[in-house]
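The values are calculated or read from the model by the stated rules, or taken from the named source; none is laboratory data. Since we're looking at a predicted model, the values are computed, not measured. Glycine also receives a Cβ, built like all others from the backbone with ideal geometry; neighbour counts cover every protein chain displayed.
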Amino acid sequence: MIAQNRAGGYGHAQAVSHQSGEEVSVSMVDLKHAAAIVGIHEHVTRYAPDKSELQIQGESVIKALEDAGLTKQDVDGLLTASSSARNTGLNLADYLNMYPRFVDNTTVGGGSFEFHLSHALNAIVAGRLNCAVITYSSLARSGSVSVGTGGVARFGHPRLEPSPDSFEELYGLTTVGLYAMIAQRHMHLYGTTSEQLAEIAVAVRHHASMNPEALFRNPITVEDVVNSRVISSPLHLPDCCVITDGGGAVVVASAEVARNCRHQPVWVLGAGEAVAHQGAGKRDLMYIAAHQSHGPAFGMAGVTHQDIDMAMIYDSFTITVLETLEDLGFCKKGEGGDFVSGGRLRIGGELPINTDGGGLSSNHPGMRGIFLLLEATRQLRHEFDGTPRQVADCNIALCHGTGGALGSRHSGGTVILGRD
Amino acid sequence: MPEWNKPLPTISGETKPYWDHCRRGELLIQKCDKCEEYQFYPRGICANCWSNDIQWVTASGKGTVWTFTVTYQNGTPGFADEVPYVLALVELEEGVRMFTNIVDCNPRSVSIGMPVEVTFVRATDQISVPYFKPAA
Ligand SMILES: [Zn+2]
């Protein structure tokens, strides 16, 4: 039992095979090859007024299992999150007519799906799960949801919660505003410029131009970005993600299941989770949750920043990317502006990001975290070999999902994926 | 006085003194007797040491702009016709930060570090909302 505690949540499987009670260390279980992404599907629709969210999820799950070479009978876990529906996992299990033995509805904003992958890894190591689907869908666009520029009233809530809403929503908070405030202070402290933030939008749009499914594919320039309309200072329209419908599914399975799947496994090498918030009015919000989540993920994976061949960085706004790259440790705090410039983030650059065109140009149906896992898996499968979209020699990828808002409270989930 | 068309706070036991004093033109924050930390937003426990020994104290009402944004687009009723307005985090002299709007000035004149002071606007008979304006 001591061994269970020492192993910190991964000890259950060890305890089964170590009935003698001898002390074991966490390294005795090969966490890096315990769970793998074995199937993926992106529902490529950007506008689906004729579908329900459950239908998009159902279709995505079926296709992702086909991709894996598995069937409904192989699945014993269901993980999902939604910003609109209640009883998400319950309704989904009903719709799919499944009786999963592992259900996870963790909903911590757009990055929920990196948390899901982390939790599926835990459950697989604990022997409580063999094969799970992680799925998401949203009709944010056809439902005309003002994801970024409406306050809480956009959801039709006449009554604010006593805390914290009653101390916030009176002041006209918007999602974009809560990111813009962080951008404003970053510029004040470190001299970061609108042109540097624009470099992120331009790099991601360049990648979108190679993705036939992306919503916006016309190349843009830094001048285009800084000369466009300000939504919430200092952020311009192209600093903000698009709003689309869409969805997708990821199949994650144990090593044993993964061995018999159609594609070579994309291993979950490491994972870390964190939240950040006001800290009772005292936290320095210039440090985001990525600052806490990346250490455990890199530690578990046993890799360094130099080993990361490409990264999928949640890009709700350009500032999200800049702050995340700093706090993941790819550069020092305050140096993000220089880091994102000069083509570093483009395919062929030192750290290509968001090679599908990201939330800034391809799709963002309210919660984008699942699409990070989808594109990282495609790159690690070398699905685009022979085309400009493929990141050369792509062996290790990092995904970081951010959910909520940088300026008030948010989650951060880091996962590191790798191929054999 | 025009009808208030912005969201109104919901008052609970742990936040009632705050709103009662806003009505009288006083900004209250909390301080823990045990660890002596200030906190905001108000709550029924000390967020730092989790003790119950928290006291209401009257803040000086003075502070500086920690960060802000000039909002040009918000579809929410009450704000849609008020753009551009300044959403800000103000750091009070006591060291805690709170969301607010910076009012009674040109939005483009607001900057980080700018000294501000609290001002109250009556929303209903029960509720007055604390805002901040450039310090006199
Ligand atoms: Zn205390």
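Within the range A:211-223, does at least one residue satisfy the condition of being at pLDDT 95 or above, buried (at least 17 other Cβ atoms within 10 Å of the Cβ) and of a type in the set (Val, Ile, Thr)? Yes. For A:His364, are the conditions met, namely being at pLDDT below 95 and out of contact with any Pro (no Cβ under 9 Å at 6 or more places or on another chain)? It is true that A:His364 is at pLDDT below 95 and out of contact with any Pro (no Cβ under 9 Å at 6 or more places or on another chain). Of all residues in the range A:71-128, those satisfying the criterion of being among the basic types (Lys, Arg) and part of a loop (DSSP other than H, G, I, E, B) are A:Arg86, A:Arg101, A:Arg128. Among the residues of the range B:91-129, those that are in a strand (DSSP E or B) and more than 9 Å from chain A (Cβ to nearest Cβ) comprise B:Ile102, B:Pro115, B:Val116, B:Glu117, B:Val118, B:Thr119, B:Phe120, B:Val121, B:Arg122, B:Ser128. For the range A:282-294, name all the residues that are more than 16 Å from the chain's Cα centre (by Cα) and surrounded by 22 or more Cβ atoms within 10 Å (Cβ to Cβ). Answer for the range A:282-294, where residues must be more than 16 Å from the chain's Cα centre (by Cα) and surrounded by 22 or more Cβ atoms within 10 Å (Cβ to Cβ): just A:Leu285.
Taking the range A:268-323 as the range and being touching a residue at least 60 places away in the same chain (Cβ under 8 Å) and acidic (Asp, Glu) as the test, the residues that pass are A:Glu273, A:Asp307, A:Asp309, A:Asp315, A:Glu323. Residues that are at pLDDT below 95 and small (Gly, Ala, Ser) within the range B:61-82 comprise B:Gly75, B:Gly78, B:Ala80, listed in sequence order. Checking the range A:249-262 against the condition returns no match, with no residue being within 24 Å of A:Arg409 (Cβ to Cβ) and free of Cβ contacts under 8 Å to residues at least 60 places away in the same chain. Out of A:Ala208, A:Ala253, A:Ala183, one residue alone is under 30 Å from A:Lys72 (Cβ atoms), crowded, with 24+ Cβ neighbours inside 10 Å and touching a helix residue (DSSP H, G or I) at 6+ places or on another chain (Cβ under 9 Å). It is A:Ala253. The residues of the range A:362-420 that are out of contact with any His (no Cβ under 8 Å at 6 or more places or on another chain) and within 14 Å of another protein chain (Cβ to nearest Cβ), listed by number, are A:Ala405, A:Leu406, A:Gly407.
For A:Ile220, are the conditions met, namely being within 14 Å of another protein chain (Cβ to nearest Cβ) and under 19 Å from A:Val176 (Cβ atoms)? When the stated conditions are applied, A:Ile220 does not pass them. Filtered by the rule that a residue be among the hydrophobic types (A, V, I, L, M, F, W, C), in contact (Cβ under 8 Å) with a residue 12 or more places away in the chain and in a loop (DSSP other than H, G, I, E, B), the range B:52-90 gives B:Ala59, B:Phe79, B:Val83. Looking at this structure, is B:Ile54 surrounded by 14 or more Cβ atoms within 10 Å (Cβ to Cβ), within 11 Å of the ligand (Cβ to nearest atom) and over 16 Å from A:Gln278 (Cα atoms)? The answer is yes for B:Ile54. Given the structure, is B:Ile11 farther than 25 Å from B:Val116 by Cα and more than 16 Å from the ligand (Cβ to nearest atom)? The answer is yes for B:Ile11. Selection within the range A:152-170: residues that are part of a loop (DSSP other than H, G, I, E, B) and at the interface with chain B (Cβ under 7 Å from one of its Cβ atoms). The member of this set that is modelled with the lowest pLDDT is A:Arg159. Residue count for the range B:30-51 satisfying the condition of being within 11 Å of the ligand (Cβ to nearest atom) and either assigned to a strand (DSSP E or B) or of a type outside the set (Asp, Glu) (or both): 14.
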